[in-house]
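Quick notes on the structure that follows.
The values are calculated or read from the model by the stated rules, or taken from the named source; none is laboratory data. As the structure is a computational prediction, the values presented were derived from the model and not from experiment. Cβ coordinates were reconstructed from backbone atoms using ideal geometry, including for glycine residues, and neighbour counts include every protein chain displayed. Just so you know, the surface numbers come from the protein's heavy atoms only, side chains and all, with ligands and any DNA or RNA stripped out. Shrake-Rupley method; radii C 1.70, N 1.55, O 1.52, S 1.80 Å.
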Amino acid sequence: MRIGVDIDGVVSDSYPYWMQELNQYFGKDVKTITNYDMHRDFEVPRSDMNDFFVGNAERLLFMPDIVAGAKEGIEALIKEGHEIIYVTARTPEEKDVTIRWLAKSEIPHEHVLFSGFNSKVDLVKEWSIEAFIEDYHVNAQEIAAIGVPVFLLTTSYNLNYGELSQGIKRCQSWKDVVEGIRELKGPLKG
C-alpha cells in the first residue's frame, strides 16, 4: 500500500520541544497542550505564536526527538513492501530543514510533500495514498471523508473532539498503527 505519514506529532516529537520553547519565550508554565491551536493554551494572540514560529523555524523543526516507535514502525512497513509518503503541513520553504531532520534521525524518506496551511486531501488524492497516519483530528476527518483509512495517534490535543468519524482508528502507539495497517481489509471501526 501507499501510506501517507504526517511528520509533526507522528514522526517528529515536536510538541514537547515546542512547549518547552514556548513556555520560555512567553514566560508561561503550560504543562499540556489541549488544543492543536497552541496559541489558545498559551493565551497569546495567534499572530504572536505565528511570529515566534516563523522567527525560530530552523531550530523548532530540527531539534525535536523522534516519536517513540516511529522509526521502527516506518522501517517495518517499508520492509513489508509498503511505500511511505510524508505529507506535512509544513511549508515548502521548510523543505531543507525537514529533509535534514529526517536524515539526521535516520528516518527512511523518498517522498516528502508540503501542503503548507492547505488541506492535505489534494495531495492524498494526487498521490493515490491508500492509508494515512495523522495526529490532527481535522486532517483525519477530511482524509477519512474521501474514503482513505486514517490511523490517528492519540495526543493530548486530539482527545476532546468527541466520537471519531468512520474510517478513523485511534492508536495509542506506533505498534498499534503497524498492527492496524496489517489488519486493514475493510472499513475502519474506531
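The table below lists the values:
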{"read-out": "DSSP-defined antiparallel bridges as percent of all bridges, the chain, nearest 5", "value": "5 percent"}
{"read-out": "Principal axes of the chain: Cα extent on each, largest first, Å", "value": "49, 37, 28"}
{"read-out": "Whole-number accessible area per residue in Å² for the range 59-190, which is evaluated in the context of all protein chains at 1.4 Å", "value": "50 Å²"}
{"read-out": "Calculated [θ] (222 nm, deg cm²/dmol) that DSSP helices of n ≥ 4 give over the chain, each run adding -39,500 (n - 2.57)", "value": "-11500 deg cm²/dmol"}
{"read-out": "Along principal axes, Cα extents of the range 103-169, largest first, whole Å", "value": "36, 27, 21"}
{"read-out": "Gain in span if fully extended, Ser47 to Glu183, counting 0.36 nm per residue against the direct Cα distance", "value": "44.7 nm"}
{"read-out": "Derived scalar couplings ³J(HN,Hα) [the range 52-67; Karplus, 6.51 cos²θ - 1.76 cosθ + 1.60; whole Hz; x for Gly, Pro]", "value": "4, 5, 5, x, 10, 4, 3, 5, 5, 8, 9, 7, x, 7, 8, 4"}
{"read-out": "Positive-end residue of Leu159, Ala70, Ser173, charge dipole of the range 59-190 with Cβ unit charges", "value": "Leu159"}
{"read-out": "Nearest-ten-degree value, helix 14-26 long axis tilted from longest Cα axis of the chain", "value": "10 degrees"}
{"read-out": "Whole-Å distance, taken between Cα centres, linking the range 121-190 and the range 19-92", "value": "18 Å"}
